[in-house]
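First up is the structure itself, then whatever we jot down about it.
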Amino acid sequence: MTIRVLQPGLFTTVQDRGRYGYAHLGISPAGAADGMSLRIANLLVGNDDNAPGLEMTLLGATLEFLETTTIAICGADCDCRIGQQRVGANTALEVPAGSVLRCGSTTGGARIYLAAHGGIDVPRVMGSASTDVRGGFGAWRGVGCKPEMCCGCTSPGRDVRRGWPPVAWGFGSVPVLSGSPRVRSTTGSARKHTHSFWPPPIPLANNQTVLAFDSRAPRSHCANPNSC
């Protein structure tokens with residue numbers, strides 16, 4: 001099965017669950033930013049949950065399927081269509097040969113994942129198909145999809161599942177307790193530490209990425225580590 005990229009969207013790459021075991025060499029694991037969505041998409045089409053799929057960020061790609069295959073799309077909400085037919089999320093869909101899938105902008109999240117029956121067939125580097133853009137390797141030599149690129153699929157996986165329970169995504173609050181009465185009543189360093197834990201909004205520098213961010217908040221200091 002072959003997929004042709006007609007329009008790559010904003011940023012579309014091949015990702016699996018990541019490349020681990022090489023941090024001591026300064027090599028990032030890369031991998032899907034939303035690993036759960038990729039795993040669900042893979043399981044829906046009968047793949048191993050670590051099979052490579054397409055990760056699309058903010059604005060999805062336009063793809064032509066040259067042979068009949070089964071796909072699943074998971075992740076953020078996105079208006080994906082084949083012709084005038086809306087492609088639902090979290091479900092397996094058989095796509096006839098010659099079909100063109102158009103994925104729009106994401107809402108309620110940043111990324112969507114497309115898995116195809118058999119998995120995207122790209123070379124493995126250090127055991128992973130994930131694209132490492134900074135390192136310049138993985139999948140298509142470390143670059144995202146470009147117009148007229150073609151990708152195939154490997155041998156078929158397990159049986160296809162036709163549906164998955166809806167996945168609830170969103171934003172919420174994480175409750176934080178101020179600590180035991182002994183800590184709350186402690187003067188000096190513990191009180192200073194508590195104040196620095198709930199500061200005004202923390203500004204971020206302009207060099208943050210999806211991998212890390214640079215906080216400009218003051219560091220916490222505790223004279224007695226046992227009280228922090």
Looking only at region 68-78, decide whether some residue is in a helix (DSSP H, G or I) and surrounded by fewer than 23 Cβ atoms within 10 Å (Cβ to Cβ). no
Which residues, taken from region 1-23, are within 21 Å of I40 (Cβ to Cβ) and outside any loop (DSSP other than H, G, I, E, B)? I3, T12, T13, V14, Q15
Tally up the residues in region 43-60 that are crowded, with 24+ Cβ neighbours inside 10 Å and either under 13 Å from the mean Cα position of the chain (by Cα) or within 26 Å of G136 (Cβ to Cβ) (or both), please. 7
Would you tally the residues in region 22-43 being touching a residue at least 40 places away in the same chain (Cβ under 8 Å), closer than 13 Å to M126 by Cα and among the small types (G, A, S)? 3
What are the residues in region 73-106 that are within 21 Å of P147 (Cβ to Cβ) and either without any contact (Cβ under 8 Å) to a residue 12 or more places away in the chain or β-branched (V, I, T) (or both), if any? I73, I82, V95, V100, T106
When L43 is run through (1) out of contact with any Gly (no Cβ under 7 Å at 6 or more places or on another chain); (2) part of a strand (DSSP E or B), the failure sits at (2)
For the list (1) at pLDDT below 95; (2) outside any loop (DSSP other than H, G, I, E, B); (3) of a type outside the set (V, I, T), I need the number of the one condition that S28 fails. (2)
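The values are calculated or read from the model by the stated rules, or taken from the named source; none is laboratory data. Model, not experiment: these values are computed from the prediction. All Cβ positions, even for glycine, are placed from backbone atoms using ideal geometry, and neighbour counts span all protein chains on display.
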